[in-house]
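Coordinate-derived values only; no laboratory data. From a predicted model like this one, the values you see are computed outputs, not experimental measurements. Here Cβ is always computed from backbone atoms with ideal geometry, including for glycine, and neighbour counts include all displayed protein chains.
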Amino acid sequence: MSELRTAENRERLEKFDRVWGNLPGWGQLAAVNHTSVGLRFVATGIVFFLIGGVLAMLMRTQLALPEQDILSANAYNQIFTMHGTVMMFLFAIPILEGLAMYLIPKMIGTRDLVFPRISALGYYCYLFGGIIITSSLILNIAPASGWFMYTPLSSSTFSPGMGSDFWLLGITFVEISAMAAGVELVVSILRTRANGMSLSKMPIFCWYILAMALMIVFGFPPLILGSILLELERAAGMPFFEVAGGGDPLLWQHLFWLFGHPEVYIIFLPGAGIVSTLIPVFAQRPLVGYRWVVLAIIITGFISFGLWVHHMFTVGIPHLALAFFSVASMLVAIPTGIQIFAWIATLWTGRVIFHLPMLWIFGFLVIFVAGGLTGVMLALVPFDWQVHDTHFVVAHMHYVLVGGMLFPLIAGFYYWLPHVSGRMPSDKLGRWGFWLAFIGFNTTFLIMHLTGLFGMPRRVYTYEAGLGWDWLNMVSSIGGFVMAIGIAVIILDVVLHFRFGRKAKQNPWNADSLEWAVEMPVSAYNFASLPDVPTRHPLYENPDLPQSIADGKHGLSEIGHGRRDIYGSDAVTGKIQEIIHLPSNSWLPLQAGLMLCVVCLSLLLKVYWVALVGLAAAVFVLLRWSWHNGAHPRATPVTADEPTDPPLHSRTFSGPGLWGMVVSMMANGTLYASLLFGWFYLWTASPQWQAPADGPLPLTPLIGSGVLLSLAVLLYGRAVARLRQGSIRHMQKVFWLVAAIGLVHVALLLWVLLSAPLNPTLQAHDAVLTVMLIYLLIHGGLSTIATAMQAMRVNIGYVSLQLPYEPVVLMPLWVYTLGIFWLGFAAFVLLPMGWGSL
Amino acid sequence: MLGIPLLLSGCGGPFSTLDPGGPGAAGIAWLWWGMFGYASVVLVGLVWLWLHAMRRDPGNISDKQAQTLQNRWIFWGGLVLPSVSVSLILAFGLPAGYPMLPTPPEEGEAVRINVEGHQWRFETSYPGTDIVLENHMLIPAGVPIDVYLTSADVIHSFWVPRLSGKQDMVPGHTNVLRIMADEPGRFRGHCAEFCGLDHAHMKLVVEALEPQEFDAWLEESRTDE
């Protein structure tokens, strides 16, 4: 029991527990609370980390001696593919998302993330997708063409089994969780900070997570598009990446690394965020150069989108482009240097307490800087040509990823453990774990640089004796097992601490940030009342804050209404704007996750009618989900005594939903931009691209459908504008009219698709056009259905003058649908016509 | 520490990039030793600085002093150090790639050889002849060779570490890599891009002959026709 609970506040806090708590027993599966979901992400991530680690040990066993046949080539190929896949997609990204989901609301002084049901859906997509992917290993049909799935090796010709399908479908399924977390974290950080916490007062960790979340929003869509296209090629024979059909295998590499490089920083930034959080606490001095570090984070985010080609230096890129990407890649050294020297300056000016987490931070420094330095070397094209695809690169990337992510993560685990368990970690066992892992890691990978320089390519399941590689591999294998023992010791340490650790006092490390103002172990609602936080170091300036929060001395301390309320605040200044009422426990995320799982499995087994049924069911669940919003009895029906200053968010024109919609459309737009990129890339660079002299799409119905779409958006926009002016006359009729026009638009577009002489299985040109049309169809259909639902909600009274929120949220979807239509028309129809007439 | 380079130079087996047998690989080997030395100094310096910063007693530092200190650290360490390092590396490093570019040689003409990647073998052919070699390639020593690389199936990568860097063999594309062997000898190569089941066994041998010997061999094959 937390020391903050007193006789006076106990009764009220127990009421909070009831409103915010999860359902008992099986009801835990309906949990949407960020603390529960975040911890589930972390726990599941650890399990996948151990699976990935076992795969690594299998590889090191096989390579310990030359010409061994413990593993067959086929088994080894599956194992190295799955090691990379599991570590990247099922460990690194989800566990960091989980950590961020757990910490962010606590750090910005609120009670939950802004879309709790989406957190839960993300978790189920991750869990089910992860199980699907790893099950392929047990069935011995795992993907075996490397974690970056280069086509044509991963195509149906050269990988005929189900392996690649497991990867493409499973990863896309898992990516739903990344996108969900990305959108949710962006909106939560921007819109739900404590009163007065302006952007410049945010804990530095929040800046890192904001950057990470935005990079997910812009970084993942190219991979999602690439995976969809490659799966379409494998399942339906659409030749996007096949030279003979006018495609190009290099397009896959571009799409993959457009995602893949930002991903490295998506993994590194939260790690650096942990470092920037822990160093000031253990130096007992605020971070030196906060503004510089924020600047460095933003620059890193931008630069990381301009470097993807450095993974492709050897594929045959024009030399000028090589030089450009070489320089761009090295520029990352500058923001990284700024951060490292800000950390050193903080240590320099502080009195450092050398606790266990700091040991891991020290390990981070050594390993990450070494990895960064070899990274600069690899950015140099001639050197890259020599060591690309050798064990040198394997060593480099493990230095960067293990140094930049795993070491800070473990430091963070030790640091935040008392938060979860209410107990302190031990020092002794922890130090053993550190030194074993540190020495083991360096033994494995330092020497591996030399293995690469001596010419050993990566991804070989065995090697000849006597090439100078024998002793190097033996040393690496021994190091690998030492590191594995280190990890086992750490896990043992953590498990034991839950039982034997000494009780932690409130704010045990004397930290400055709000997450240490919660009860320990943490409650479901974090804060029983929401304080103003006009400072970067709330707990330094007011050490009594935890008690006054628990005593209900601050905002939203009322719980009698039974709502899950948090504050919504201005994105820049952090001033309170509205009260956001959050949904409570819900089975919908689990249902939606299960339906999507059915879709994924039936696509995998090629039972397409089941996939269609599953998809329809998933859409139904999601529509039901959106129905249970606003003034719906399951959400927040209108009552006489509801708060008006500030008002409930569903009674306003701008709430988190609008922000969520806009951020989602940014992600969606990136997906569309990736499709446009693919179109122009194939058009200009594909070796056997063929386009018919006349565009295959019938112009009249296409333009007609565009005009109707424009009309629908115009009418919808006017209705929303009138709503903003306080008039609701004819709104329901207008919405029905818009839905009807939308329906005709979709019907015309469908007719265009069906009547056009397209051969999507013969020509990449036609295949891209088909995908583009289907994309437009989905958006037209979605907007139409959502508008029809709005018309129905007007009828029931869920949308009214008092409840004007939802039509405003829907507006960006219509605008987006309109935008992609005409942009698509220009890029896919007009431009080729103009080109042809030149 | 300094002994390591001496220990390693000239060894490392038949695939060692540090035992160059041609101008392409030689430039990169030198580059490596230079960058290795520079990076080691930076790494050791940073770790020392970090440990020192953790151990030292800062005394009483006012916020204003801390501000000056911060600006100095971040300017010199965060901006100047990486910018200078990167500029140095680029200035010395990019020219090291020139010997591997198929530019017209100063004298004479580069010999053209085609190599096509297959799962799992290299097929070498000589334009104007019927010669097709499997996992084997004859070249004249001391003469620049332009290797025209393509693939019949999946992506492979042509790499003879002691001669030069690698280039990928991509279906539908042709990449050209300049290689040269200083002296006659045997050089081994390996497919560097993962290409499926037998990737580990996809290797080739490049044999550099005296130019006259090479010409004679080529001529002999012509007369064989």
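Structure above, values below:
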| read-out | value |
| --- | --- |
| For chain B: relative contact order, % (alpha-carbon pairs under 8 angstrom, 6 or more apart) | 22 percent |
| Dipole of chain A, positive end: most advanced residue of A:104, A:292, A:581 [Cβ charges, Cα centre] | A:581 |
| Cα gyration tensor, region B:13-99 - rounded (a/c under 1.5), prolate or oblate | oblate |
| Dipole in debye (nearest 20) - region A:690-837, about Cα centre, beta carbon charges: Lys, Arg +1; Asp, Glu -1 | 700 debye |
| Positive-end residue of B:157, B:129, B:65, charge dipole of chain B with Cβ unit charges | B:65 |
| Against the rule of thumb 2.2 N^0.38 Å, how large the Cα Rg of region A:689-805 comes out | 1.33 |
| Normalised convex hull volume, region A:23-75, alpha-carbon set, Å³ per residue | 106 Å³ |
| DSSP bridge pairs, region B:111-224: antiparallel proportion in percent, nearest 5 | 65 percent |
| Relative contact order for chain A, counting Cα pairs under 8 Å that sit 6 or more residues apart, in percent | 17 percent |
| Mean Cα-pair separation over length for region B:13-99, i.e. relative contact order, pairs under 8 Å, 6 or more apart, % | 50 percent |
| Pairwise centroid distance, computed over Cα atoms, of region B:78-111 with region A:630-679, Å | 52 Å |
| Expected 222 nm ellipticity per residue - DSSP helices of 4 or more, -39500 (n - 2.57), all of the protein assembly as shown, to 500 | -19500 deg cm²/dmol |
| Rounded to 5, percent antiparallel among DSSP beta bridges of the protein assembly as shown | 70 percent |
| Chain A - charge dipole about Cα centre, Lys and Arg +1 at Cβ, Asp and Glu -1, debye rounded to 20 | 1620 debye |
| Count of lysine pairs in the protein assembly as shown with Cα separation under 27 Å (8 or more residues apart, or interchain) | 19 |
| Angstrom value of the Kirkwood radius, inverse mean 1/r, which spans all Cα pairs in the protein assembly as shown | 30.9 Å |
| Nearest-20 debye value, region B:111-224 charge dipole, Cβ charges on Lys, Arg, Asp, Glu | 440 debye |
| Equivalent ellipsoid semi-axes, chain B, via Cα gyration tensor eigenvalues times 5, rooted, Å | 48, 18, 17 |
